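Coordinate-derived values only; no laboratory data. Worth saying up front: this structure is predicted, and the values here are computed from it rather than measured. Every residue, glycine among them, receives a Cβ derived from its backbone with ideal geometry; neighbour counts consider all protein chains shown.
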Amino acid sequence: MSESPHVFDATMENFQESVMEASAQTPILIDVWADWCAPCKQLMPLLEKLANEYQGQFRLAKVNADEQQQLTASLGVRSLPTVILVKDGQAVDGFNGALPESEIRQVLDKHVEAPAEDPYETAHQRWQDGDVEGALAILTELNQNDPDDLKVLIDIAQLKAELGDVDTAEQVLDSLPPEEKLQTQAKQLAARIKFIRQAGELPPVAELEQTLAAHPDDPAALHQRALQHVLKEENADAMALLIRLMQVDSDYRDGIAKTTLIELFDKLGSGDPDVRTYRRKLYTLMH
């Protein structure tokens, strides 16, 4: 049973009060499901997520079809999952099967007030979707409203760096208080700026691939190709090449493979699974 106040189990005993009568105050979304139903298991976490995201604009009533056969039959359910939206004691909408989130939102938004968007989260969603300019516009407005929000400021610098305006990103980084420069996000920005600066001096990818095909242990080509992977966020590929460079020549350019790995670890943060994997590989090589 979910611990969310917006999600509960509906039974024959509580259905009249908790669903039909309660729907006069708050719309109730009924999800009829079963353990053996694969689409049900795909749909339910999504419905629970939406119930929490909508912050009480509707409640999710889960009906276990196997345990509540009488209730399931009274609802006229013929296939699973079946979702029914009840408002003011009446079924006003619904669907069968596991719909994508966007389509479920369309059903909800016809009858339920959508939650207010958090502009910071909206900016990050646009950023994740590749709309860097759109994300930057939202974050710039947030920065104008609250110039002291360093989290927003660093995000702006990250986006500027992605757009190629490395000088502005570096100016933002330099303007941060000393203690803030030690925070993970600032260290990640510093590492990214350094990688971008280095990338300006790299040969084309095709040229490096030809070099590595002919000379797989060429230290310069291994290092340069790793940097190109970093800039494309192909971080595991980059780390693999840097580990290979350490195996080939750990002293190349004063141990730049190790230095670059550590900078990459800083850029991604200790929570990244690739960082954990390659930090162990680095430790093994060094010991």
Fill in the blank from the handout: Largest fluctuation, Leu75, Leu212, Leu231 only, Gaussian network model of the chain with Cα springs under 10 angstrom, belongs to Leu75
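Shape of segment 119-199 from its Cα gyration tensor (a ≥ b ≥ c, root eigenvalues): rounded if a/c is under 1.5, otherwise prolate when a/b > b/c, or oblate?
Values: a/c = 1.84, a/b = 1.18, b/c = 1.55.
Judged from the Cα gyration tensor, segment 119-199 comes out oblate (a/c at least 1.5, b/c at or above a/b).
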Handout entry: Karplus (6.51, -1.76, 1.60) ³J(HN,Hα), θ = phi - 60°, over segment 258-275, in Hz, Gly and Pro reported as x
Key = 5, 4, 5, 4, 5, 5, 5, 4, 5, 4, 8, x, 5, x, 6, x, 5, 4
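Roughly how many debye, to the nearest 20, is the charge dipole of the chain about its Cα centre, given +1 on each Lys and Arg Cβ, -1 on each Asp and Glu Cβ, and no other charges? Please report the intermediate quantities before stating the final value.
Values: 26 positive and 50 negative charges, 169 e Å.
Computed charge dipole of the chain: roughly 820 debye.
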Problem - Derived scalar couplings ³J(HN,Hα) [segment 201-210; Karplus, 6.51 cos²θ - 1.76 cosθ + 1.60; whole Hz; x for Gly, Pro] - result: 9, 7, x, x, 4, 4, 5, 5, 5, 5
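Stretch Gln106-Gln247 to full length: gain in nm at 0.36 nm per residue minus the Cα-Cα span? It would help to have the intermediate numbers written out before the result.
On the way: separation 141, 0.36 × 141 = 50.76 nm, distance 5.45 nm.
Length difference between fully extended and current span is 45.3 nm.
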Practice task
Determine the principal axes of the Cα atoms in the chain, then give the extent along each, sorted from largest to smallest and rounded to whole angstroms.
Solution key: 75, 46, 34
Exercise for the section: Please give the FRET efficiency for Asp93 paired with Glu233, using the beta carbon to beta carbon distance and R0 = 45 Å, rounded to the nearest 0.05. Expected result: 0.65
Practice task
Would you please state which residues of segment 184-223 a label at Asp174 would reach in this model, taking the label point 7 Å out along Cα→Cβ and a backbone N cut-off of under 18 Å?
Solution key: 186-187, 189-198
Fill in the blank from the handout: In deg cm²/dmol, rounded to the nearest 500, the helical mean residue ellipticity at 222 nm of the chain, built from -39500 (n - 2.57) for every DSSP H run of length 4 or more, is -17500 deg cm²/dmol
Problem - Inter-site label distance for Asp129 and Glu201 at 7 Å from Cα along Cβ, in nm - result: 4.0 nm
Completion exercise
Stokes-Einstein D for segment 205-286 (4 °C, 1.567 mPa s, Kirkwood Rh from Cα pairs), in µm²/s, comes to 103 µm²/s
Practice task
At 7 Å along the Cα-to-beta-carbon direction for both Asp66 and Leu163, put a label point, then send me their distance in nm to one decimal.
Solution key: 5.5 nm
Completion exercise
Simple SL model, points at 7 angstrom along Cα→Cβ for Asp272 and Thr140; separation in nm is 2.8 nm
Completion exercise
proj_area_mean for segment 1-110 (convex hull on C-alpha atoms), units nm², value 6.1 nm²
Practice task
Name the residues whose placed amide hydrogens come within less than 5 Å of the amide hydrogen of Gly89, ignoring near sequence neighbours (fewer than 5 apart) on the same chain.
Solution key: Ser23, Ala24
Exercise for the section: Would you mind checking Lys181/Lys232; Lys110/Lys267; Lys41/Lys267 for any pair whose Cα atoms are more than 31 angstrom apart? Expected result: Lys110/Lys267; Lys41/Lys267
Completion exercise
Its Cα gyration tensor gives segment 22-69 an equivalent ellipsoid whose semi-axes in whole Å, largest first, are 21, 14, 5
